[in-house]
Every structure is written in structure tokens, then in C-alpha cells.
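Here is the structure we will look at, set down as C-alpha cells.
The values are calculated or read from the model by the stated rules, or taken from the named source; none is laboratory data. None of the values given here were measured: they were computed from a predicted structure. As a convention, Cβ positions derive from the backbone with ideal geometry for all residues, glycine included, and neighbour counts pool all protein chains shown. Quick note on the areas: whole protein, heavy atoms, side chains included, nothing else; ligands and nucleic acids left out. Shrake-Rupley method; radii C 1.70, N 1.55, O 1.52, S 1.80 Å.
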Amino acid sequence: MAPAATDPPPPDLSDALRRQLAPLRELLHGSIPNAVVPFVGSGLSRGLKSWTALLDELVNFLPQAEQAEAREVLAQGKHVDVAGLLEGSPSAGPARIQTAIVRAFKAPNEPAPPIYAEVAGLPTRHFITTNFDPWLKNAVGRRLDQTLNVL
């Protein structure tokens with residue numbers, strides 16, 4: 001059984017590490033007993049564009065002669081390599097890529113699935129996600145009645 005959020009740190013931690021972790025523990029859990037920090041994976045945001053689909057779209061910014069090779073690398077699942085090709089290309093570059101990402105993820109055309117309200121209703125002030133998910137951001141923001149800053 002996992003320890004509750006309010007349990008003391010494991011006894012094998014050094015005093016120095018305990019002191020370093022104390023502010024993080026307070027920030028994450030405060031006075032909330034048995035608080036959790038949900039880790040929301042990309043499976044929840046299946047209605048949003050996948051990283052593969054986004055990179056495939058961005059490959060169109062490359063010169064025609066480079067697109068086939070980039071798509072071959074993408075088909076091998078080498079997302080970081082494709083992102084590097086795009087970032088280094090004068091025809092794509094960081095500014096153009098950022099504009100496309102914001103357009104793709106800022107306001108989805110689909111309504112948020114109901115699960116987002118349920119996840120946002122969990123008794124916690126913090127969420128971790130593996131990708132930018134505007135549906136999660138908006139659901140948590142509505143619950144907290146504020147606009148969230150996403151790091």
C-alpha cells in the first residue's frame with residue numbers, strides 16, 4: 001500500500017534531503033490529507049491531434065525534396081529527430097512551428113469529453129500531464145475559477 005500524502009517521508013532519507021523536500025511537500029499537499037497529484041497521460045486527450053499527426057503536418061513546411069525522408073524518420077517513431085529537422089530548416093523554423101502548434105492546440109474544435117470535469121474534480125491543486133491539453137487546463141481552471149498558467 002502506498003503511503004498517504006500526509007505520512008512522514010521514508011526513514012531512509014537523509015536529514016538534508018528531508019529539508020530539501022519539505023517545501024515541495026508543503027506546496028503539493030499543504031493541509032489536504034491524502035492528496036494526490038494525478039498524472040494525466042495522452043490517452044485522455046485522444047480527441048486532440050497526436051504528436052505524430054502534428055509532426056506530419058509540420059513536415060509540409062520542409063522543401064518538397066526533404067519531406068519523404070522526414071516522413072520516413074517519423075514512421076520509425078523518431079519524433080525528436082523530426083522535430084530537430086524542422087527546427088533547423090530555414091523553411092520551417094521555431095516561429096512557424098510555434099504558430100502551428102498554437103493553432104492546433106489552443107482551442108480544439110471538439111467539445112471536451114465529460115471525463116475532464118471528473119478529473120478536474122479530484123481533491124488536488126496540482127496535475128501533471130504528458131502533453132499540452134487545453135481541455136484539462138480549461139476544466140481545472142473552471143473548477144478553480146481562474147485562468148491557469150501552464151508550465
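Find the residue count for the stretch 102-113, including only residues that are open to solvent by 50 Å² or more (accessible area, probe 1.4 Å) and under 16 Å from the mean Cα position of the chain (by Cα).
3
Right, Ala75: open to solvent by 60 Å² or more (accessible area, probe 1.4 Å) and hydrophobic (A, V, I, L, M, F, W, C) or not?
Numbers: open to solvent by 60 Å² or more (accessible area, probe 1.4 Å): yes; hydrophobic (A, V, I, L, M, F, W, C): yes.
Against the criterion (open to solvent by 60 Å² or more (accessible area, probe 1.4 Å) and hydrophobic (A, V, I, L, M, F, W, C)), Ala75 qualifies.
One line per residue, one yes/no per condition, for (1) open to solvent by less than 50 Å² (accessible area, probe 1.4 Å); (2) more than 26 Å from the chain's Cα centre (by Cα); (3) farther than 25 Å from His126 by Cβ; (4) at pLDDT 80 or above:
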residue	(1), (2), (3), (4)
Thr6	no, yes, no, no
Leu13	yes, yes, no, no
Arg25	no, no, no, no
Asn34	no, no, no, no
Leu58	yes, no, yes, yes
Pro63	no, yes, yes, yes
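List the helices (runs of 4 or more DSSP H) inside the stretch 29-133, counting only whole elements, that have at least 3 residues being among the β-branched types (Val, Ile, Thr) and in contact with a Leu (Cβ under 6 Å, 6 or more places away or on another chain). By residue number, no helices (runs of 4 or more DSSP H) qualify. Among the residues making up the stretch 41-55, those that are over 13 Å from Glu110 (Cβ atoms) and small (Gly, Ala, Ser) are Gly41, Ser42, Gly43, Ser50, Ala53.
Restricting the search to the stretch 82-130, which residues are of a type in the set (Val, Ile, Thr) and at pLDDT 85 or above? Before you say what the answer is, go through the steps one by one.
Just the residues of the stretch 82-130 that are of a type in the set (Val, Ile, Thr), to begin with: 82, 97, 99, 101-102, 115, 119, 124, 128-130.
Val82, Ile97, Thr99, Ile115, Val119, listed by residue number.
Going by what's in this entry, would Thr99 be described as closer than 30 Å to Glu66 by Cβ, surrounded by 10 or more Cβ atoms within 10 Å (Cβ to Cβ) and hydroxyl-bearing (Ser, Thr, Tyr)? So Thr99 fits the description; yes.
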